1. Does the stretch 97-106 include one or more residues that are modelled with pLDDT of 95 or more, buried (at least 17 other Cβ atoms within 10 Å of the Cβ) and touching a strand residue (DSSP E or B) at 6+ places or on another chain (Cβ under 8 Å)?
2. For the stretch 103-124, give me each residue that is assigned to a helix (DSSP H, G or I) and in contact with a helix residue (DSSP H, G or I) (Cβ under 8 Å, 6 or more places away or on another chain).
3. Given the conditions (1) surrounded by 15 or more Cβ atoms within 10 Å (Cβ to Cβ); (2) in a helix (DSSP H, G or I), which single one is not true for residue 39?
4. So residue 82 passes all but one of these: (1) within 24 Å of residue 41 (Cβ to Cβ); (2) touching a helix residue (DSSP H, G or I) at 6+ places or on another chain (Cβ under 7 Å); (3) touching a residue at least 40 places away in the same chain (Cβ under 8 Å). Which condition number does it fail?
5. Residues 58, 117, 73: which one is more than 23 Å from residue 23 (Cα to Cα) and surrounded by fewer than 14 Cβ atoms within 10 Å (Cβ to Cβ)?
6. Can you name every residue in the stretch 50-80 that is in a helix (DSSP H, G or I) and in contact with a strand residue (DSSP E or B) (Cβ under 8 Å, 6 or more places away or on another chain)?
7. Starting from residues that are surrounded by 12 or more Cβ atoms within 10 Å (Cβ to Cβ) and in a loop (DSSP other than H, G, I, E, B), keep the ones in the stretch 8-28 and report whichever is modelled with the highest pLDDT.
8. Determine whether residue 5 is over 13 Å from the mean Cα position of the chain (by Cα) and either crowded, with 16+ Cβ neighbours inside 10 Å or at pLDDT below 90 (or both).
């Protein structure tokens, strides 16, 4: 994980996914994209099309939702499914859970499904359940 940023205002999921699709190279492919958010104010159809491109390019999207907005949940789950990534909710009191999930994404990016299957960490198990439903 080279860069983490947080920006207030309108969501910029389209921008994040577009940048992900143009990042990496054959020698150094992008192995995962993490998005943590509480809302989605963008056109879901445009985002789903981009997530499908991520799936084709084998760039899984890992979306972690703070809060319980149903519309956001459905969009994030769809993006995860189309990209062969994962979705998980969390709340403001579950910083430790988010830390575990982010660690699981790192292990996945480094060693794939095999690394998650060999781990006993709770975050790894949760992420593995999500990824197995998309296989």
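The values are calculated or read from the model by the stated rules, or taken from the named source; none is laboratory data. Note that this is a predicted model, so its numbers are computed, not measured. Every residue, glycine among them, receives a Cβ derived from its backbone with ideal geometry; neighbour counts consider all protein chains shown.
1. Of the stretch 97-106, the ones modelled with pLDDT of 95 or more are none.
Checking the stretch 97-106: not a single residue is modelled with pLDDT of 95 or more, buried (at least 17 other Cβ atoms within 10 Å of the Cβ) and touching a strand residue (DSSP E or B) at 6+ places or on another chain (Cβ under 8 Å).
2. Applying the first criterion (assigned to a helix (DSSP H, G or I)) to the stretch 103-124 yields 103-117, 122-124.
The answer is 103, 104, 105, 107, 108, 113, 115, 116, 117, 122, 123, 124.
3. (2)
4. Just one mismatch for residue 82, condition (3).
5. Details: 58 fails: more than 23 Å from residue 23 (Cα to Cα); 73 fails: surrounded by fewer than 14 Cβ atoms within 10 Å (Cβ to Cβ).
Only one candidate passes the filter, namely 117.
6. Going through the stretch 50-80, the residues in a helix (DSSP H, G or I) turn out to be 50-56, 70-80.
51, 54, 72, 73, 76, 77, 79, 80, listed by residue number.
7. 23
8. Working: over 13 Å from the mean Cα position of the chain (by Cα): yes; either crowded, with 16+ Cβ neighbours inside 10 Å or at pLDDT below 90 (or both): yes.
It is true that residue 5 is over 13 Å from the mean Cα position of the chain (by Cα) and either crowded, with 16+ Cβ neighbours inside 10 Å or at pLDDT below 90 (or both).
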